[in-house]
Amino acid sequence: MPEEQQTPERAGGEEQQPRGTSPGQDARSRGGPQEPQPASPDERDARLAEQAVRIDELTRAYAALVEETKAFRSRMERERVRVLEAERLQVVEALLEAMDELDRALAGAGESQGPLVDGIRLTHQVLSKRIGDLGAVRLEVVGQRFDPARAEAIDVVPVSDEEQDERVVQEVRSGWRIGDRVIRPARVRVGRVARA
C-alpha cells in the first residue's frame with residue numbers, strides 16, 4: 001500500500017511554514033496582523049496634542065456637570081423650604097380662624113366663671129401655644145403709632161389726648177407675623193384728635 005502523505009494539518013497539528021519565508025512575511029501575505037510601524041516624533045506629538053485636547057474637553061464637561069448638579073440641588077432645597085413655608089402658613093391661618101372664634105366666645109363671656117368658660121380659656125391658651133410653636137408671633141399694635149403694613153384701620157375714634165392721635169386705641173382682630181413677614185394684619189380702631 002502506498003504511504004499517505006501527511007498534510008500540514010495532520011503533521012503535529014501545526015501548519016508548516018513554506019520554505020524560504022519568515023513568519024512575519026507569511027502573515028502579511030495572508031492579510032494577518034501586521035506589526036505597527038514606529039511613528040515619527042511629529043505624529044506622536046500630534047496624537048498626544050489631540051488626546052490632551054480631548055482630556056481637557058472631558059474635564060471641562062465633567063466640571064460643568066458637577067456645577068449643574070450643585071445648582072440643581074440648591075434649587076430643590078429652596079423649593080422644599082418654600083413649600084414647607086407655604087404649608088406652615090396654611091396651618092397657621094386655619095388655627096388663627098379657630099382662635100378668632102375662641103376670642104369672640106371669651107369676649108361674649110365677659111367676666112363669667114364656670115367650667116365652660118374655663119374650658120374655652122384653656123383651649124385658647126393651648127391653641128395660642130401651638131400657633132407660637134409654628135413660628136407665628138402676635139403683633140403688638142395697641143398704643144403704637146398706626147402702621148398700615150401691620151394693621152388695617154376699620155374705624156377712626158375721636159380722642160382728646162394729643163398723645164393718642166394717629167395711634168391704635170383698640171384691636172378688633174389680632175395680627176400675626178412669621179419672622180419679618182406679616183401673615184395677617186391686625187384690624188384696629190385708630191384715634192384722631194378732633195381739629196376745631
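For Val159, the amide hydrogen comes within under 5 Å of the amide hydrogens of Arg192, Val193, Ala194, counting only partners 5 or more places away or on other chains and with H modelled in the peptide plane. For segment 138-196, the relative contact order works out to 44 percent when only alpha carbon pairs closer than 8 Å and six or more residues apart are counted. Highest mean packing comes first when the peptides 69-76, 185-192, 158-165 are listed by Cβ atoms within 10 Å, giving 185-192, 158-165, 69-76. Relative to one another, the C-alpha centroids of segment 130-196 and segment 37-68 are positioned 69 Å apart. When peptides 87-95, 166-174, 110-118 are ranked by their average number of other Cβ atoms within 10 Å per residue, the highest-first order is 166-174, 87-95, 110-118.
Fewest-first ordering of Arg47, Arg195 by other beta carbons within 10 Å of each residue's beta carbon gives Arg195, Arg47.
Read-outs: derived from the displayed coordinates by stated rules, not from any lab. All of these numbers come straight from a predicted model, not from anything done at the bench. Every residue, glycine as well, gets a Cβ built from its backbone with ideal geometry; the counts of neighbours run over all protein chains shown.
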